[in-house]
Amino acid sequence: MSERQDPVTGIEAPIYLKYNFTAGAAPARFLSQIRKGVLTGQRCPRCEQVYIPPRGSCAACGVATEEEVVLSDKATVESFTIVSIPIPGNPIQPPYIVANLVADGANISFIHLMSECVNEEVHIGQRVQAVWKPEEEWDYAMDNIRYFKPIDEPDVPVESIGTLPVSGWEG
């Protein structure tokens, strides 16, 4: 005779994945510049969109990009998410904001954290600026920027995000 057992409804099985990343020419130049505290993008020779981080080719046109553009560490919030669910292994505790930001001088957004803000007051068009780690901690990584924080500048109209050279924006 067999003894009755409860059905298995789940198991925990941690999986650890190790990735090796080899940067191509454009990302390698970007990482070398960010190691110096400089944000750079690349401009498409056809559509003139500026990408950060540079990819070496235009996602829209498919042509090679080589012209490097130095960008500001100020940006505009294009979209954002308030993360409320903890991510295993992530030292950042919720709630926190992950935003798509368009750097001044760029047209295409990149993703980064926001902090020093009231999460419920973050909004599209809001102006932000990078908060960098101390220079002695800089490495070849985008996390040289700890996060972006709101700054006291007029919002960029939603329809203009990514289309203006915002460094001269006067609201």
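The values are calculated or read from the model by the stated rules, or taken from the named source; none is laboratory data. It should be emphasised that the depicted structure is a prediction, and the values quoted were computed from it without experimental measurement. Cβ sites come from the backbone with ideal geometry, for glycine too, and all protein chains shown count toward neighbours.
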* Taking Phe80, is it of a type in the set (Phe, Trp, Tyr), surrounded by 15 or more Cβ atoms within 10 Å (Cβ to Cβ) and under 23 Å from Gly37 (Cα atoms)? -> no
* Could you tell me which of the residues Ile92, Ile108, Ile87 is surrounded by 15 or more Cβ atoms within 10 Å (Cβ to Cβ) and not small (Gly, Ala, Ser)? => Ile108
* Asked: Say we look at the range 81-100 and pick out the residues that are more than 18 Å from Val128 (Cβ to Cβ) and among the hydrophobic types (A, V, I, L, M, F, W, C); which of these is modelled with the highest pLDDT?
  -> Ile85
* Asked: Assuming Asp155 fulfils every condition listed in (1) part of a loop (DSSP other than H, G, I, E, B); (2) out of contact with any strand residue (DSSP E or B) (no Cβ under 8 Å at 6 or more places or on another chain) apart from one, which condition is it?
  -> (2)
* Can you tell me which residue among Ile145, Ile124, Ile151 is modelled with pLDDT of 95 or more and either within 12 Å of the chain's Cα centre (by Cα) or among the charged types (D, E, K, R) (or both)? => Ile145
* To do: For the range 47-68, indicate whether the set of residues that are outside any strand (DSSP E or B) and touching a residue at least 60 places away in the same chain (Cβ under 8 Å) is non-empty.
  => yes
* Whichever residue in the range 56-86 is among the aliphatic types (A, V, I, L, M) and out of contact with any Gly (no Cβ under 9 Å at 6 or more places or on another chain) and, among such residues, is farthest from Leu113 (Cα to Cα) -> Val63
* Thr81 versus (1) touching an Asp or Glu at 6+ places or on another chain (Cβ under 8 Å); (2) closer than 22 Å to His123 by Cβ; (3) of a type in the set (Ser, Thr, Tyr): which is the lone unmet condition? -> (1)
* the range 95-105, residues that are within 24 Å of Glu159 (Cβ to Cβ) and surrounded by fewer than 17 Cβ atoms within 10 Å (Cβ to Cβ) -> Val98
* **Total residues in the range 82-122, condition polar (S, T, N, Q), under 30 Å from Tyr16 (Cβ atoms) and in a loop (DSSP other than H, G, I, E, B)** => 4
* Asked: Regarding Val63, is this residue β-branched (Val, Ile, Thr), loosely packed, with under 14 Cβ neighbours inside 10 Å and in contact with a Lys or Arg (Cβ under 9 Å, 6 or more places away or on another chain)?
  -> yes
* Can you tell me which residue in the range 6-50 is surrounded by the fewest Cβ atoms within 10 Å (Cβ to Cβ), limited to those that are among the β-branched types (Val, Ile, Thr) and at pLDDT 90 or above? -> Val38
